[in-house]
Amino acid sequence: MRYIYCVKGDYLVPCTSPTASDEYYIFEYTKDLQLILTRCKNEECKEIEPSYISLKFNLPEASKVEELLNRLSTFRSFLQKHNLKVYFMEDTSVLEAIINPKLYYYKYLALDKDFRDRAISQLEKWVSRFLLFVRVVEELGVIKFIAHLDSLDGRYTLWIKENFDEPSTIAVTEKEGEIKLWFGFKDCDLYIKNKEIEKCYKIEK
């Protein structure tokens with residue numbers, strides 16, 4: 001897949017046939033959806049990293065993605081505070097948004113509308129779930145997480161997969177003691193359980 005965006009003022013706009021006088025960026029994707037970004041100006045082209053771009057996409061979805069990435073920073077701070085990391089067993093686009101939001105912005109907004117819409121839908125769903133998780137766990141008074149330990153770096157990992165029998169994590173809390181938590185389990189956005197309680201949380205649409 002290959003997409004070309006021309007520079008118009010402070011924005012990137014789709015263009016199919018840039019002229020020699022245009023400044024433009026070529027977004028190319030490998031079979032495993034790795035982004036190769038090339039900047040062209042004055043008929044000279046050079047591969048660059050997305051971190052060197054400050055331009056925005058002139059697309060209707062761009063502001064929504066920026067808002068979602070900004071909201072995701074709350075979850076990112078929570079991960080850092082509790083020395084946690086995230087492991088997605090299926091779709092990894094949201095993991096990219098957590099680790100490198102700027103790369104996510106350029107990588108997924110440059111795609112055609114169908115790909116773009118699917119990626120944004122996933123991001124929106126998981127941002128809402130992660131913020132719900134942060135709110136619920138903090139209300140319960142989390143003391144520590146006790147699963148799942150990565151022996152390589154000593155951090156606990158949230159396992160992310162829809163309808164997965166294994167809990168995403170296990171935490172010790174002040175209000176409910178030890179609890180198990182799942183994402184996207186039993187038709188719940190967040191599901192928690194221990195010997196005394198069983199709660200299903202759903203995000204209001």
*Got a sec to turn the phi values of the stretch 46-53 into Karplus ³J(HN,Hα) couplings, 6.51 cos²θ - 1.76 cosθ + 1.60 with θ = phi - 60°, whole Hz, x for Gly and Pro?*
9, 6, 9, 8, x, 5, 8, 9
_Compute the distance from the alpha-carbon center of the stretch 117-132 to that of the stretch 37-85, in whole Å._
16 Å
*Relative contact order [Cα under 8 Å, 6+ residues apart], the chain, whole percent*: 13 percent
_Vicinal HN-Hα couplings computed from phi for the stretch 178-189 (Karplus, 6.51 cos²θ - 1.76 cosθ + 1.60; Hz; Gly/Pro x)_ = 7, 10, 9, 10, 10, 9, x, 10, 6, 6, 10, 5
*Taking the chain as a Gaussian network, Cα atoms linked when under 10 Å apart, which of 141, 154, 177 shows the biggest mean-square fluctuation?*
154
*Note down the magnitude of the dipole of the stretch 162-205 about its Cα centre, charges +1 on Lys and Arg C-beta and -1 on Asp and Glu C-beta and zero elsewhere, to the nearest 20 debye.*
120 debye
*In the full protein assembly as shown, how much of residue 201 is accessible to a 1.4 Å probe, in Å² to the nearest 10?*
50 Å²
_Under the Karplus curve 6.51 cos²θ - 1.76 cosθ + 1.60, θ = phi - 60°, whole-Hz ³J(HN,Hα) for the stretch 40-45, x wherever Gly or Pro sits_ = 10, 8, 6, 6, 10, 10
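Taking all protein chains as present, what is the carbon and sulfur share of the accessible area of the chain, in % to the nearest whole number, probe 1.4 Å? Could the numbers behind the result be given before it?
Numbers: 5410 of 11560 Å².
C and S fraction of accessible area: 47 percent.
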*Once the piece of chain linking residue 163 and residue 195 is laid out straight, how much longer is it, given 0.36 nm per residue of separation minus the C-alpha distance between them?*
9.5 nm
*Accessible area in square angstrom per residue, the chain, 1.4 angstrom probe*: 56 Å²
_Rounded, prolate or oblate, given the Cα gyration tensor of the stretch 3-107, with a/c below 1.5 counting as rounded?_
prolate
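The values are calculated or read from the model by the stated rules, or taken from the named source; none is laboratory data. Given the structure is predicted, the values throughout are model-derived calculations rather than measurements. We place every Cβ from the backbone using ideal geometry, glycine too, and count neighbours over all the protein chains shown. Surface accessibility is based on the protein's heavy atoms, side chains included, excluding ligands, DNA and RNA. Shrake-Rupley method; radii C 1.70, N 1.55, O 1.52, S 1.80 Å.
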